[in-house]
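All remarks here apply to the structure that follows.
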Amino acid sequence: MRSAKAELALVALASAGAALAPGPSRAHEAALPPLEFEPPAPGTYTLQRIMPAPDGEVLGLDGHSHRLARFTHDRITVLGFVYTTCIDPEGCPLAQRVFDSLQRSLVETPALRGRVRLVTLSFDPARDTPAALRAYAGHRAADERSGVAWYFFTTRSARELTPLVEGFGQDVRVSVDRLGGLPRRELSHVLKVFLIDRAGFVREIYSSLFLHPQTVLNDIETLLMEQ
Amino acid sequence: MHRRIVGLVLRAALPAAALVLASMTTAGVAVADETCNSPYIAKLIKGQEDYIYVWALGVEGVGDGSDKLVTIDVNPKSKTYGKVLGSVSVGTRGEAHHMGFTDDRRYIWAGGLAEPNIYVFDIGKDPAKPALVKTIKDMADKSGYLGPHTYYAMPGRMLVQGLSNTKDKSGITGMALYNNKGDFIASYPMPTDNGGDGYGYDLAVNPKRNVLLTSSFTGYNNYMRPLGDLVKDAEAMKKFGNTMVAWDLKAMKPKQVFAVPGAPLEIRWSLKAGDNWAITATALTSKLWLVKESKGEWTAKEVATIGDPAKIPLPVDISIRRDGKGLWVNTFMDGTTRYFDLSNPEAPKQTYEKVTGKQVNMISQSWDGKRVYITSSLLANWDKGGADNEQFLRGFAWDGKELKPTFEVDFTKENLGRAHHMKLGSRSLKSS
């Protein structure tokens with residue numbers, strides 16, 4: 001049985017209509033792989049508390065230092081690790097496309113406005129300086145006026161990054177691709193995107209196999225329906 | 001209706017099983033290899049593997065008598081090819097059985113069927129020298145389940161299938177979910193309604209379809225019992241699983257229960273893009289079963305016979321090719337390794353067989369299918385006796401026509417115990 005609060009949340013979200021479901025007419029989303037199953041309805045399943053989101057020092061686009069915990073609490077957070085030179089279509093670019101889609105859906109859904117944030121965290125402090133990350137973020141960077149905050153962070157060094165990637169369980173290995181002529185430094189990683197609740201607990205970890213705006217939005221809705 | 005069918009088939013199958021098994025001194029069941037890993041493990045070894053990790057059962061009077069993780073060099077270019085590089089003892093003997101990689105492939109989780117303990121080995125720091133870094137001891141307290149069997153990597157966590165429970169040690173069991181740090185998260189009982197028998201064995205997911213498949217074996221009371229005694233106990237022989245379950249993976253809720261008589265064991269999804277089917281083998285009825293999606297519904301059907309079911313060859317492990325076109329099947333009793341052409345998964349055809357040991361259990365293949373590895377032990381109390389109790393890891397080369405022996409490690413001579421589950425390793429997977 002749903003609680004009254006959960007019912008209210010459902011009604012509010014339902015009133016947002018199709019905005020929760022990314023529309024096929026959007027050019028960006030057409031490039032995303034289709035979701036090959038009908039996900040369970042929001043609120044009909046439990047997202048387990050997997051682990052507390054780790055904390056650490058991060059740098060914003062302005063080069064100022066912040067505690068990451070400030071951006072993993074109080075709102076539902078969708079956090080993904082990237083490095084800006086990643087070209088693996090199943091890696092960072094996929095996450096970016098999903099985040100783009102999520103941002104649009106969140107903007108178009110009044111019930112979610114101000115309740116969800118996106119966080120992109122670089123795991124390549126050597127190349128992803130605040131300036132490089134600023135260029136990468138472009139127009140996506142946080143705009144609180146739209147009600148959807150998207151934050152981009154990097155770190156000062158591998159030393160500051162390590163406890164974060166270790167804490168999230170985001171495995172990263174440095175490899176050198178020599179196939180294209182000049183050696184190219186690559187960060188080998190498994191794509192993971194983390195859904196974090198308002199209390200700072202990781203509640204879902206998406207891999208490229210099921211990272212899709214619809215599943216993420218359903219999960220966000222499920223979290224919002226909790227007491 | 002559903003349950004009635006299950007019961008009828010089981011009753012028909014078990015007397016024959018009991019008869020044949022009783023005529024053996026000892027016998028037995030088992031998951032393995034590069035093509036059977038969780039789809040969430042991205043670091044597959046697609047070239048030459050360097051190591052085989054064997055999870056071995058301790059034997060009293062052999063070495064330190066404890067369960068241990070044994071590392072063997074399997075790279076033909078190495079000076080120590082086919083040799084034991086080392087072993088890590090866990091200091092107890094708890095019916096070592098299966099193991100699984102975490103999604104980042106930095107750790108192996110392994111456990112025994114006689115206890116709720118789960119051992120975590122670090123293979124990332126030095127893949128040639130695994131180190132025991134943690135023992136998870138709360139599975140029984142937190143979930144009530146006993147005999148952790150399958151360790152299936154999920155993103156950032158591990159789903160562990162139990163075989164039994166601590167209350168009555170029957171086959172009624174469930175799955176325990178841990179995060180990669182080893183903290184318990186949740187448990188999920190195997191269904192006992194809508195045709196479900198509550199038993200568990202293997203699990204495997206198809207994330208694209210949001211489906212988790214589970215199979216069913218038997219509980220502690222049976223698998224820890226000497227096989228000769230067990231098969232004479234008609235009531236006990238009824239207590240084997242006869243179902244598979246399709247779960248809503250996201251919701252972790254059972255959706256469909258299939259009648260698959262005779263203890264369906266290992267589950268292998270076809271890895272070919274676009275395929276949405278899985279295959280399993282039933283231990284007691286010696287059949288291959290296909291689970292596939294049709295018009296939005298999942299169905300399970302018998303598609304082939306393995307050997308002569310009347311002789312209960314006891315299929316114990318299967319290994320699917322990466323393209324889904326072929327399947328290795330090991331049958332314990334007759335020590336035979338069979339190859340089935342799976343070009344049409346609706347009608348697998350056996351095209352090859354070879355006796356590879358007096359008793360054979362797990363079978364693993366390299367990603368390219370050119371190398372096949374076989375171990376010998378099923379369960380301590382089900383393995384054969386006397387000269388038939390060979391304990392080994394054997395390597396073979398497969399050219400599509402013939403399995404040719406390449407190396408052998410005698411686990412008894414090496415004081416290592418009984419060789420059971422295998423996982424492949426590579427020095428290139430060293431954590432940076």
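Scanning segment B:399-431 for residues that are closer than 19 Å to B:Gly82 by Cβ, within 14 Å of another protein chain (Cβ to nearest Cβ) and not basic (Lys, Arg) returns a single hit, B:Ser426. Report yes if A:Leu224 is more than 14 Å from chain B (Cβ to nearest Cβ) and at pLDDT below 85, otherwise no. No. When segment A:62-81 is limited to residues that are outside any loop (DSSP other than H, G, I, E, B) and among the hydroxyl-bearing types (Ser, Thr, Tyr), the one that is farthest from A:Leu224 (Cα to Cα) turns out to be A:Ser65. Residue check: is B:Val303 closer than 30 Å to B:Gly385 by Cβ and outside any loop (DSSP other than H, G, I, E, B)? Here the answer is no, as B:Val303 does not meet what is asked.
If you go through segment B:170-209 and pick out every residue that is of a type in the set (A, V, I, L, M), more than 10 Å from every other protein chain (Cβ to nearest Cβ) and either more than 14 Å from B:Tyr151 (Cα to Cα) or surrounded by fewer than 20 Cβ atoms within 10 Å (Cβ to Cβ) (or both), you end up with 2. Could you tell me whether any residue of segment B:364-377 is more than 17 Å from the chain's Cα centre (by Cα) and more than 25 Å from B:Ile45 (Cβ to Cβ)? Checked against the condition, which is being more than 17 Å from the chain's Cα centre (by Cα) and more than 25 Å from B:Ile45 (Cβ to Cβ), segment B:364-377 yields no hits at all.
One residue alone among A:Leu8, A:Leu79, A:Leu112 is buried (at least 21 other Cβ atoms within 10 Å of the Cβ) and either away from chain B (no Cβ under 14 Å) or modelled with pLDDT under 50 (or both), and that residue is A:Leu112. Might you let me know whether segment B:94-104 holds any residue that is surrounded by fewer than 24 Cβ atoms within 10 Å (Cβ to Cβ) and either at negative phi or over 17 Å from the mean Cα position of the chain (by Cα) (or both)? Yes, segment B:94-104 contains at least one residue that is surrounded by fewer than 24 Cβ atoms within 10 Å (Cβ to Cβ) and either at negative phi or over 17 Å from the mean Cα position of the chain (by Cα) (or both). Report yes if some residue within segment A:38-55 is away from chain B (no Cβ under 11 Å), closer than 22 Å to A:Glu204 by Cβ and at pLDDT below 85; otherwise report no. Among the residues of segment A:38-55, not one is away from chain B (no Cβ under 11 Å), closer than 22 Å to A:Glu204 by Cβ and at pLDDT below 85, which makes the answer no.
Whether any residue in segment B:112-132 is assigned to a strand (DSSP E or B) and out of contact with any strand residue (DSSP E or B) (no Cβ under 7 Å at 6 or more places or on another chain) is what I want to check. No, segment B:112-132 contains no residue that is assigned to a strand (DSSP E or B) and out of contact with any strand residue (DSSP E or B) (no Cβ under 7 Å at 6 or more places or on another chain). Does any residue of segment B:311-322 turn out to be part of a loop (DSSP other than H, G, I, E, B) and of a type in the set (Asp, Glu)? No; the residues of segment B:311-322 include none that is part of a loop (DSSP other than H, G, I, E, B) and of a type in the set (Asp, Glu). Exactly one residue among B:Lys287, B:Lys295, B:Lys232 is more than 27 Å from B:Ile312 (Cβ to Cβ) and not aliphatic (A, V, I, L, M), and that residue is B:Lys295. For segment B:345-363, residues that are more than 22 Å from B:Gly395 (Cβ to Cβ) and in a loop (DSSP other than H, G, I, E, B) total 4.
Is it true that some residue in segment A:58-66 is at pLDDT 95 or above, surrounded by 19 or more Cβ atoms within 10 Å (Cβ to Cβ) and either within 14 Å of chain B (Cβ to nearest Cβ) or out of contact with any Lys or Arg (no Cβ under 7 Å at 6 or more places or on another chain) (or both)? There is at least one residue in segment A:58-66 that is at pLDDT 95 or above, surrounded by 19 or more Cβ atoms within 10 Å (Cβ to Cβ) and either within 14 Å of chain B (Cβ to nearest Cβ) or out of contact with any Lys or Arg (no Cβ under 7 Å at 6 or more places or on another chain) (or both). Before we move on, is B:Ala380 within 30 Å of B:Met224 (Cα to Cα) and either in a strand (DSSP E or B) or more than 14 Å from chain A (Cβ to nearest Cβ) (or both)? For B:Ala380, the condition - within 30 Å of B:Met224 (Cα to Cα) and either in a strand (DSSP E or B) or more than 14 Å from chain A (Cβ to nearest Cβ) (or both) - is met. Of all residues in segment B:210-224, those satisfying the criterion of being more than 14 Å from chain A (Cβ to nearest Cβ), in contact with a Phe, Trp or Tyr (Cβ under 9 Å, 6 or more places away or on another chain) and not in a loop (DSSP other than H, G, I, E, B) are B:Leu213, B:Thr214, B:Asn222, B:Tyr223.
Within segment A:92-100, the presence of at least one residue that is in contact with a Cys (Cβ under 7 Å, 6 or more places away or on another chain), more than 30 Å from A:Glu226 (Cα to Cα) and modelled with pLDDT under 95 is confirmed. If we keep just the residues of segment A:190-205 that are within 12 Å of another protein chain (Cβ to nearest Cβ) and farther than 12 Å from A:Ile50 by Cβ, which is modelled with the highest pLDDT? So, considering only residues that are within 12 Å of another protein chain (Cβ to nearest Cβ) and farther than 12 Å from A:Ile50 by Cβ, the one modelled with the highest pLDDT is A:Val193. Within segment B:134-155, the set of residues being among the charged types (D, E, K, R) and within 14 Å of another protein chain (Cβ to nearest Cβ) comprises B:Lys142 only. Scan segment A:119-177 for residues that are touching a strand residue (DSSP E or B) at 6+ places or on another chain (Cβ under 8 Å), modelled with pLDDT under 90 and surrounded by fewer than 21 Cβ atoms within 10 Å (Cβ to Cβ) and jot them down. Once the filter is applied, which keeps residues that are touching a strand residue (DSSP E or B) at 6+ places or on another chain (Cβ under 8 Å), modelled with pLDDT under 90 and surrounded by fewer than 21 Cβ atoms within 10 Å (Cβ to Cβ), segment A:119-177 yields A:Arg140, A:Ala141, A:Ala142, A:Asp143, A:Val172, A:Arg173, A:Val174, A:Ser175, A:Val176, A:Asp177.
The values are calculated or read from the model by the stated rules, or taken from the named source; none is laboratory data. No experiment lies behind these values; they were computed from the predicted model shown. In this analysis, Cβ positions are derived from the backbone assuming ideal geometry, glycine residues included, and neighbour counts consider all displayed protein chains.
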